[in-house]
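Written out below as structure tokens is the structure these notes cover.
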Amino acid sequence: MPARDRVGHWGDESAEAALPGRRLSALAEQAARCTADCCGASSMVAEAEAGADRPAAVTHPDLAGLVAVQLRSGAGPIPAALERGEPVDSADLLHDERWPQYRALALDSGVRSSVTLPFCRSGLTVTLSLYSFRPGALDDARHGPVHALGEFAASCLVRDRSYRAALTELDHLGAALRSRPVVDQACGIVMHVLGCDADAAFGVLRRISQGTNRKLADVAAGVVSRRGRGLERDLAALLN
């Protein structure tokens, strides 16, 4: 598959393709296929926000352990690439003693060399790691087509994040619009019961909401269901 076709695949706007896991899986698989002497790949996304999830994908189950041991120990090419913001490689893990736990597990899996490339966009970093059974086999990988794949993948993931944030905002706005009629109706009841204006009535409902840790719409629905009956004293106490 030509490189531009592989990149074009990332433009798929379907809901499944937009999931971070799908994006990362496609990136790892395509990068492994277009890199000579590569026995597998892994990809991960990390956000600047502390505690944020770090979705990851691997082309082979054995590679999941290599990713996990790095995140657990905080040592390895992935953490190093995230910290430095630049590629981190090991030409021959047999003679590289920088990351003992990662090195031991990699050699046990037959991996002799690896390179991790970070791609940073808007507080989000995608790491792409390539692995080989041969030492020195990935020396030129960072300059190959995987660089274009990684750059485009990072841009897509940022776009996906913005899209999800917009959908969440629309959901909140929709909920607010749906609750507006009952809030207006409750304000009218409070105005009638207390003889106050609309701003004062809304303030009463808001204070009830804050004081009881209930949603404003739920408070309003309670007032409407009772038509204000039996609430006169409590409402009056909140007017001032």
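Looking only at segment 157-178, which residues are out of contact with any Asp or Glu (no Cβ under 9 Å at 6 or more places or on another chain) and either surrounded by 16 or more Cβ atoms within 10 Å (Cβ to Cβ) or at pLDDT 85 or above (or both)?
Once the filter is applied, which keeps residues that are out of contact with any Asp or Glu (no Cβ under 9 Å at 6 or more places or on another chain) and either surrounded by 16 or more Cβ atoms within 10 Å (Cβ to Cβ) or at pLDDT 85 or above (or both), segment 157-178 yields L157, V158, R159, D160.
What number goes with the only condition from (1) within 18 Å of R23 (Cα to Cα); (2) in a strand (DSSP E or B); (3) open to solvent by 50 Å² or more (accessible area, probe 1.4 Å) that S129 does not pass?
(3)
Residue-by-condition table, conditions (1) in a helix (DSSP H, G or I); (2) crowded, with 16+ Cβ neighbours inside 10 Å; (3) touching a strand residue (DSSP E or B) at 6+ places or on another chain (Cβ under 9 Å):
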position	(1), (2), (3)
G136	no, no, yes
Q185	yes, no, no
F202	yes, yes, no
I208	yes, yes, no
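Suppose we keep only residues that are open to solvent by 60 Å² or more (accessible area, probe 1.4 Å) and assigned to a strand (DSSP E or B) within segment 94-126. Which one would you say is farthest from A31 (Cα to Cα)?
So the residue we want is R121.
For residues in segment 64-93 being in a loop (DSSP other than H, G, I, E, B) and acidic (D, E), which is farthest from P135 (Cα to Cα)?
The residue in question is E86.
Whether any residue in segment 104-120 is under 22 Å from R22 (Cβ atoms), among the aliphatic types (A, V, I, L, M) and modelled with pLDDT under 95 is what I want to check.
No, there is no match, as no residue in segment 104-120 is under 22 Å from R22 (Cβ atoms), among the aliphatic types (A, V, I, L, M) and modelled with pLDDT under 95.
May I ask you to list the residues in segment 32-63 that are at pLDDT 95 or above, assigned to a strand (DSSP E or B) and open to solvent by 30 Å² or more (accessible area, probe 1.4 Å)?
V58, the sole residue that qualifies.
The values are calculated or read from the model by the stated rules, or taken from the named source; none is laboratory data. Keep in mind it's a predicted model, so treat the numbers as computed, not measured. Cβ coordinates were reconstructed from backbone atoms using ideal geometry, including for glycine residues, and neighbour counts include every protein chain displayed. With ligands, DNA and RNA removed, areas are computed over all heavy atoms of the protein, side chains included. Shrake-Rupley method; radii C 1.70, N 1.55, O 1.52, S 1.80 Å.
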